[in-house]
Amino acid sequence: MLEELFLQIRSVRKHQLEISNYQTKTMTAAINVLSKLVDRQAKILEEISISSKVRQLQYEALKELILLLSQQQQKILKALLNKNNSL
């Protein structure tokens, strides 16, 4: 009877070990999936950051261009007024 009890305990331990191994494999797979998702998210965030910087540079360039055009327009108007006044 004692031997049968030891066999039962051994069987339970073996079964527990199998469950633990399966859980470990499952967790490893889940960690790998999460790791890939985090890597993808990091790449997306980097692309968003780069895109944002490009848009900011485009905005700054456009702002400078508008300022230069405005200054040029003022100079042209001033020159036209001076020419008109001299006639």
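Tabulated results
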{"item": "Crossing angle, helix 2-86 versus the chain [Cα axis fit, 0-90 degrees, rounded to tens]", "result": "0 degrees"}
{"item": "Leading residue at positive end of dipole, the chain (Cβ point charges), from 20, 35, 9", "result": "35"}
{"item": "Qualifying lysines (Cα of each under 20 Å from Cα of residue 14; at least 8 residues distant if same chain)", "result": "25"}
{"item": "CD proxy at 222 nm, helix term only [per DSSP H run n ≥ 4: -39500 (n - 2.57); per residue of the chain; nearest 500]", "result": "-37500 deg cm²/dmol"}
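Values in this text are rule-based calculations from the coordinates and carry no lab data. Please read these numbers as outputs of a predicted model, since none were measured by experiment. Heads up, the Cβs are rebuilt from the backbone with ideal geometry, glycines too, and the neighbour counts pull from every protein chain shown.
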